[in-house]
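Report on the structure given below.
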Amino acid sequence: MTIDEAQPELTSAVRSPQWYLSATRWTQLTLTEDDPSALDVDFWVDVMTRTRSNALCLSAGGYMAFYPTQIPYHYRSTHLGDRDVFGELVEAARGLDMHVMARVDPHAVHAEAAQAHPEWLDHGLDGAPVEHESMPGLWWTDPMSPSHWEFTTQIAQEIVREYDVDAVFANRWEGRRRVSYNPLTRAAFLSATGQELPVETDPSDPAWPAFTAWRRRQLSELVVHWDDAVREIRPHVRFIPNRGGALTRDLDSDLVEDRYPMFFVDKQGRSGLEASWTPGRVGKRARGLYPDRPVALITSVGPEDGELRWKDSVADPHETRGLVVDGFAHGALPWFTKFKGECFDTRWVQPMADAFRLHARVEQATGHLRHTAEVALLDCVDRASATPFGQGHGGGAHEDGVYQALIEARIPFEYIAEEALTAQRLRGVRVLVIPTGADLVPATVAAIEQYVADGGGLVAGYDAGLTGGSDGSPGRLALGDLLGVRLTGGVRGPLKNKYMSLEAGHPLTAGYDGAQRILAGAHVLDIEALPDADVAFRFVPDYPDLPMEEVYPRPGPTPPAVVTRQHAGGGRTVHIAFDIGEVYWRALQSDHGRLIADSVTWVLGQQPSRVSVNGQGLVDLAVREGEDEIAVTVVNLTDPMAMRGQRHDALPLHDQEVVLTIPDGAELGTADLVIAGGPARTEERDGRLHIPLETVDDLEVVHVTWTPTRTDAVQHGGQA
């Protein structure tokens, strides 16, 4: 019996095609094979209630079925018996008025399926099927094979036909992220391109460009195929394969543009040297490409640190809560994932409930407002990798360092993806920052040039717009004329003991009292300044770092290190001719951080920022606006473990102050503290509204509304 036959009122006509807009707090339960024998549905109902979750992602099938599937070779949990644990939890979630998404994992199959359908399997370079490295007796599937195109499609259709779900979610659907030498894949690639598959151990194989484009197209067509298949059964249902921070950048946008109504970014925890602002960047980066599409950030309740994983344990509650809070402050909707329905350690439940409830309060008060900022980072497309498996999406350490410097300087900022860069997207942005970005396409360069001509500001890292030079020539700096610089050589480095001297009187050299020179970078770009540009810092001639007796400067050329320019349209530009973002991230020397922040501040010019937050401590700021209202979110990141997980404590901040520019022709309507609750104390001084924050624990949100007046004068009052 299908769900429509059992409950006629639950038809696709009732389920809205825009269900995803109200799916804002997610519970994910990934079941294990032995869960059906002891699963406590009431426990999970309690968790979903305590976290105020309004959406559930639940294991259904693919690698393993948790419902009574009728599809041959669709392996059922041996503990399922007469139960339908997937169906039980779907019914429970619907009873809580939650949305439901069925999780499928097509990346592996059991031995029985592998023996019956060897054409489904991933094959290595030696031509043999690839056994799963983590679980012997299982076999990797090939995403280009009938395993995905036919078998997984049948599974998705069966789930949608039999259960009341809003979507199907595919995990690990892209396979091993290696070349599969499956005979069917070999033949398909040869037919499409006339070439043999590239040798995966040879990055110089000339077939890589064709393979990258072909693989991209195949995966994109698979997304469309799956989505069409489930929508044929229930038009409101969507098939949404998992995505990382790249979103659709490694797919063909002409195919998948309308296939992702929202995104789920699988960044379950921070590892290595990732900072505690990492979750917020997920929201910003997604919005930089798709400003109007929801994005959810998947956070694990367990420790995640690269290859170190303890799936049945729990992360420190301060770390868990902090990740969720920083994420949703920047629009990354909270989603927690729990592996295994049985809990050996429930210490994660209360911290997750606390974080989700904070989101519910913030969403109710300010969820209707849009994120804005006067500063934006350009998220450049990475065109450097030879293979599709090594491609990154972001500026790496260059971007990390600039991000950290702006966080420390308390400068609110957003992202704009390079392929989404338009005059419309730049409206309201006063400074565009390019931490790194070689090989900018002509359309990007033209858009930036027009933006500066219209009065916009630009801060460019040393290789922004750098092209060519691989043959030993200096190459070309596409933004050189705009920035007021000309190449005289290529990139040099790595260098040690590199310095730059301060040019007296330039505004950017303020704040270094007592210093004749400050440290420069490890890689420098040889340039000269054009006549209408100004030099703020000059490189000191290279000299060695060893032996110690030889560590002293010698005479030599002193080319520009930092060049500024003021443009006829009112805009300002800064070019920093060394790898300042990367060296700041690696060494965290305060002079580098100050120069990044001061460059942005100088480009902003005399007009102060509309929003500032004064005080001590490390905070992450977000600004959201609507007509006649603004919300400023202050996330407290002040913690000894802010730069490396896990956080072990939560240190409250005191004596913070939010300062807002009062819009022309407006007076204060209301000012509320969303987290503390109740009205905020305010004081108007010189066209600015000052709002003190006595204490900030996880975060505080200041929500201000304005009342338009009929006069041009700003009316000043006292305390409000």
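Structure summary
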{"quantity": "Segment 529-550, subset within 21 Å of G571 (Cα to Cα) and not β-branched (V, I, T), residue surrounded by the fewest Cβ atoms within 10 Å (Cβ to Cβ)", "calculated": "P531"}
{"quantity": "Members of segment 140-159 that are in contact with an Asp or Glu (Cβ under 9 Å, 6 or more places away or on another chain) and either under 13 Å from D105 (Cα atoms) or surrounded by 23 or more Cβ atoms within 10 Å (Cβ to Cβ) (or both)", "calculated": "W140, T141, D142, P143, S145, S147, H148"}
{"quantity": "Flag if E196 is part of a helix (DSSP H, G or I), surrounded by fewer than 20 Cβ atoms within 10 Å (Cβ to Cβ) and not assigned by TED's automatic domain parsing to the domain that holds D382", "calculated": "no"}
{"quantity": "Condition met for P118 (surrounded by 13 or more Cβ atoms within 10 Å (Cβ to Cβ) and free of Cβ contacts under 8 Å to residues at least 40 places away in the same chain)", "calculated": "yes"}
{"quantity": "Of residues in segment 472-504 being of a type outside the set (A, V, I, L, M), in contact with a Gly (Cβ under 9 Å, 6 or more places away or on another chain) and assigned to a strand (DSSP E or B), the one farthest from E449 (Cα to Cα)", "calculated": "G490"}
{"quantity": "Unique match (being touching a His at 6+ places or on another chain (Cβ under 9 Å), at pLDDT 95 or above and not charged (D, E, K, R)) among G280, G288", "calculated": "G280"}
{"quantity": "Among residues of segment 40-61, those that are among the polar types (S, T, N, Q) and either under 27 Å from A156 (Cα atoms) or touching a Gly at 6+ places or on another chain (Cβ under 8 Å) (or both), counted", "calculated": "3"}
{"quantity": "Filter pass, A447 being buried (at least 18 other Cβ atoms within 10 Å of the Cβ), assigned to a helix (DSSP H, G or I) and either in contact with a helix residue (DSSP H, G or I) (Cβ under 9 Å, 6 or more places away or on another chain) or assigned by TED's automatic domain parsing to the domain that holds L289 (or both)", "calculated": "yes"}
{"quantity": "Members of segment 267-302 that are within 10 Å of the chain's Cα centre (by Cα), surrounded by 23 or more Cβ atoms within 10 Å (Cβ to Cβ) and β-branched (V, I, T)", "calculated": "V282, V295"}
{"quantity": "Pick from segment 395-411, criterion over 16 Å from the mean Cα position of the chain (by Cα) and in a loop (DSSP other than H, G, I, E, B), ranking: farthest from L466 (Cα to Cα)", "calculated": "R410"}
{"quantity": "Residue within segment 366-384 that is under 18 Å from G331 (Cα atoms), in a loop (DSSP other than H, G, I, E, B) and charged (D, E, K, R) present", "calculated": "yes"}
{"quantity": "The one condition in (1) surrounded by 22 or more Cβ atoms within 10 Å (Cβ to Cβ); (2) of a type in the set (S, T, Y); (3) farther than 30 Å from A365 by Cα that T601 fails to fulfil", "calculated": "(1)"}
{"quantity": "Of residues in segment 241-266 being in a strand (DSSP E or B) and either within 14 Å of R217 (Cβ to Cβ) or not basic (K, R) (or both), the one farthest from the chain's Cα centre (by Cα)", "calculated": "P241"}
{"quantity": "Residue that is nearest to D142 (Cα to Cα), among those in segment 64-90 that are free of Cβ contacts under 8 Å to residues at least 60 places away in the same chain and hydroxyl-bearing (S, T, Y)", "calculated": "Y75"}
{"quantity": "Residue among A60, A93 that is under 24 Å from D228 (Cβ atoms) and buried (at least 21 other Cβ atoms within 10 Å of the Cβ)", "calculated": "A60"}
{"quantity": "Output for segment 241-269, where each listed residue is among the hydrophobic types (A, V, I, L, M, F, W, C) and within 14 Å of V224 (Cα to Cα)", "calculated": "L251, L255, V256"}
{"quantity": "Residue in segment 427-454 that is nearest to P474 (Cα to Cα), counting only those that are out of contact with any Leu (no Cβ under 7 Å at 6 or more places or on another chain) and among the aliphatic types (A, V, I, L, M)", "calculated": "L440"}
{"quantity": "Strands (runs of 3 or more DSSP E) contained entirely in segment 609-720, each with at least 1 residues that are modelled with pLDDT of 95 or more and under 24 Å from the mean Cα position of the chain (by Cα)", "calculated": "611-614, 619-626, 629-636, 699-708"}
{"quantity": "All positions within segment 426-443 that are acidic (D, E) and either at pLDDT 95 or above or under 21 Å from the mean Cα position of the chain (by Cα) (or both)", "calculated": "none"}
{"quantity": "Considering residues of segment 503-523 that are hydrophobic (A, V, I, L, M, F, W, C) and touching a residue at least 12 places away in the same chain (Cβ under 8 Å) only, the residue surrounded by the most Cβ atoms within 10 Å (Cβ to Cβ)", "calculated": "A520"}
{"quantity": "Output for segment 540-582, where each listed residue is under 17 Å from G521 (Cβ atoms) and of a type in the set (A, V, I, L, M, F, W, C)", "calculated": "V540, A561, V562, V563, V574, I576, A577, F578, I580"}
{"quantity": "Residue in segment 420-442 that is nearest to A520 (Cα to Cα), counting only those that are hydrophobic (A, V, I, L, M, F, W, C) and either in a loop (DSSP other than H, G, I, E, B) or out of contact with any helix residue (DSSP H, G or I) (no Cβ under 9 Å at 6 or more places or on another chain) (or both)", "calculated": "A438"}
{"quantity": "Every pair of residues 6+ apart whose Cβ atoms lie under 7 Å, when the first sits in segment 535-564 and is in contact (Cβ under 8 Å) with a residue 12 or more places away in the chain and in a strand (DSSP E or B) while the second is buried (at least 24 other Cβ atoms within 10 Å of the Cβ) and among the aromatic types (F, W, Y)", "calculated": "A561/F537; A561/F539; A561/F578; V562/F537"}
{"quantity": "Sole exception among (1) among the charged types (D, E, K, R); (2) assigned to a helix (DSSP H, G or I); (3) touching a residue at least 12 places away in the same chain (Cβ under 8 Å) for D46, by number", "calculated": "(3)"}
{"quantity": "Flag if A397 is buried (at least 17 other Cβ atoms within 10 Å of the Cβ), at pLDDT below 95, in contact with a Phe, Trp or Tyr (Cβ under 8 Å, 6 or more places away or on another chain) and within 27 Å of L618 (Cα to Cα)", "calculated": "yes"}
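Here is a yes/no grid of residues against (1) under 29 Å from A386 (Cβ atoms); (2) surrounded by fewer than 22 Cβ atoms within 10 Å (Cβ to Cβ); (3) in contact with a His (Cβ under 8 Å, 6 or more places away or on another chain):
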{"position": "R238", "(1), (2), (3)": "no, no, no"}
{"position": "G245", "(1), (2), (3)": "yes, yes, yes"}
{"position": "D258", "(1), (2), (3)": "no, yes, no"}
{"position": "G306", "(1), (2), (3)": "yes, yes, no"}
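The values are calculated or read from the model by the stated rules, or taken from the named source; none is laboratory data. This is a predicted model, so every value here is computed, not measured. Please note: Cβ atoms are built from the backbone with ideal geometry, for glycine as well, and neighbour counts cover all protein chains shown.
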